[in-house]
Amino acid sequence: LSFPNTKRRITGPKSIAMLMSHLLYQRRNAPYYVEPVVVGLESVPIDEVRIDGAAGELRIEDSSSCLQSIIDIARRGQHLLTTTEDGASSQPARVINRKRVQRPFLCTTDMLGAQSTSSSFVASGVASRSLYGTAEALWRPDLSGEELVEVCGRAFLSALERDCLSGYGVVIYLIEGTGDGDARIVEYVL
């Protein structure tokens, strides 16, 4: 996929997924028979919030949905009402640091461009319904490379046994960072 990038900025995976979604939706009357998967690293801002109080300070370094209201209060420079054993008190909250981190972005679309995103895994193709069930049962956060290959292999083989039109045989490519900016690709044939 190529399009003019006059500002010489790197296009993020979320933007590419949205572009793909629009392209597929434009062809909804004569669709492309594809189910693309968009995977990449997206730069996400993270705020570090400090709440000063009588008992010291609390630092929050996450922008998950449950903490978003605390971060919004800190951005506005307002006080945060907290409850302690002594009773309720109001303490100033402020953003002390803003940094950007790389988070994985996983997205798949159907033939009409409807997106499905996840923070854990996505599946696409003929046996994707069978694949989702097995993968949800076996996948857990922070798997090592070998564990991930084992889980993926089990999920693929289980899904292929339930759908005879998918063919048979699995090749898994594991891409691991080496720590010095390079990547190592390992092939597993099941």
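The values are calculated or read from the model by the stated rules, or taken from the named source; none is laboratory data. Remember, it's a predicted structure, so these values are computed and weren't measured experimentally. When we count neighbours, we look across all protein chains shown, and the Cβ atoms used for this are built from the backbone with ideal geometry, even at glycine. Side chains are part of the model used for accessible areas, which takes the heavy atoms of the whole protein and leaves out ligands, DNA and RNA. Shrake-Rupley method; radii C 1.70, N 1.55, O 1.52, S 1.80 Å.
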Filter result for the condition that a residue is open to solvent by 90 Å² or more (accessible area, probe 1.4 Å), under 23 Å from the mean Cα position of the chain (by Cα) and at pLDDT below 90, over 140, 162, 184: 184
Enumeration of residues in segment 165-181 that are surrounded by 10 or more Cβ atoms within 10 Å (Cβ to Cβ) and touching a Lys or Arg at 6+ places or on another chain (Cβ under 6 Å): 176
Lone unmet requirement of (1) in contact with a Pro (Cβ under 9 Å, 6 or more places away or on another chain); (2) open to solvent by 40 Å² or more (accessible area, probe 1.4 Å) for residue 129: (1)
Scope segment 1-39; condition modelled with pLDDT under 90 and open to solvent by less than 40 Å² (accessible area, probe 1.4 Å); matching residues: 12
Any hit, segment 141-149, residues being free of Cβ contacts under 8 Å to residues at least 24 places away in the same chain, part of a helix (DSSP H, G or I) and not β-branched (Val, Ile, Thr): yes
